[in-house]
1. Can you grab the distance from the C-alpha centre of region 187-213 to the C-alpha centre of region 101-145, Å, no decimals?
2. Give me the one-decimal nm value for the distance between modelled label points at residue 214 and residue 129, 7 Å along each residue's Cα-to-Cβ direction.
3. With contacts defined as alpha carbon pairs under 8 Å and 6 or more residues apart, what's the relative contact order of region 118-240 in percent?
4. Measure out, as a whole number of angstrom, how far apart the alpha-carbon centroids of region 68-82 and region 216-230 sit.
5. Per residue, how much accessible surface does region 29-161 expose to a 1.4 Å probe? Answer in Å², no decimals.
6. Once you compute Rg and the Kirkwood Rh from C-alpha atoms, what is the Rg to Rh ratio for the chain?
7. Using alpha carbon coordinates only, what is the Rg to Rh ratio of region 133-230, with Rh defined as the Kirkwood radius?
8. Counting other Cβ atoms within 10 Å of each Cβ, which trypsin sites (Lys or Arg not before Pro) in region 43-128 have at most 16 and sit in a DSSP loop?
Amino acid sequence: MSKLKELIDKERLPRHVAVIMDGNGRWAKKHGRPRVFGHKNGVQSVRETSEAAAEIGIEYLTLYAFSRENWKRPKLEVNALMSLLVDTLRKEINTLNDNNIKLEAIGDIKKLPAKSYTSLMEGIENTKNNSRMTLVLALNYSSRWEITEAARKLSEDVKKGIIDPQNIEEGNIISRLETNRYPDPELLIRTSGELRISNFLLWQIAYSELYFTEKYWPEFNKEEFYKAIIDYQSRERRFGLISEQIKT
Ligand code: IPE
Ligand code: IPE
Ligand code: MG
């Protein structure tokens, strides 16, 4: 068994870990290959990270797979990513079921190409009874879009007289976000050395611990995931209080 895995305190696990899977293109370039080769190799890291998370007892793992901004990439790359999604979903459904992992998605998924949307919905349907962990794919997702949509839905409810603007509180926004059925991520991981959020879960990471690694996504594996969890467990989450208040 992995030495790192043994160092993880099972009593202090994050319930929800979110990951910005970045660096596929640079990893491919480093190996003198086209960007798509990097995306293909990133699938193995998705598999390893999902298994590692499920094995240690993480309840929710959210992976940023495609942003609304990513449509602006070269058409060839966008098409390759969309067909990779279809292939991967079809191939991995059995593994998800073997591992008792439920698949869900956040984002404007109805606007995905029909084939991608259909295989995503099949994956969600075929794993809906699994209960060990929920794997959430962020697809055609952006946080500002999600918050704007929440504002629109809330305005409609105000217009209908369901809510009085005077009574609007955080909960009314939270319940209208794509993530309304998940707790906020306690830990956010970004690979590839970039130190930014790129329009991911802006509302939900208000108090998340951030973990950045230089590893490119195709290099990320179980051991790297354990490292991130151990690092998270070394931190003191204060939520605006002082250290002494946390310890009592
Ligand atoms: C992440 O890797 C995958 C997606 C955004 C779909 P990139 O494709 O962004 O790789 P880099 O950042 O260009 O190396
Ligand atoms: C963020 O990575 C989006 C995903 C991982 C899907 P990007 O590579 O698109 O982000 P930027 O462009 O470096 O900010
Ligand atoms: Mg990138």
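1. For region 187-213 versus region 101-145, the Cα centre distance is 21 Å.
2. Taking the simple label geometry, residue 214 and residue 129 are separated by 4.8 nm.
3. Working: 86 pairs, mean separation 27.2, N = 123.
Here the relative contact order equals 22 percent.
4. 26
5. Accessible area per residue: 52 Å².
6. Using Cα coordinates only, the ratio equals 0.98.
7. On the way: Rg = 16.7 Å, Rh = 15.6 Å.
Over the Cα atoms of region 133-230, Rg/Rh equals 1.07.
8. Numbers: sites: 47, 68, 72, 75, 90, 91, 102, 110, 111, 115, 128; in loops: 128.
Here the sparse-neighbourhood loop sites are 128.
The values are calculated or read from the model by the stated rules, or taken from the named source; none is laboratory data. Since the structure is predicted, the reported quantities are computational estimates derived from the model, not experimental observations. Reconstructed Cβ throughout: ideal geometry from the backbone, glycine too, with neighbour counts over all protein chains shown. We work out accessible area using only protein heavy atoms, side chains counted, and drop any ligands, DNA or RNA first. Shrake-Rupley method; radii C 1.70, N 1.55, O 1.52, S 1.80 Å.
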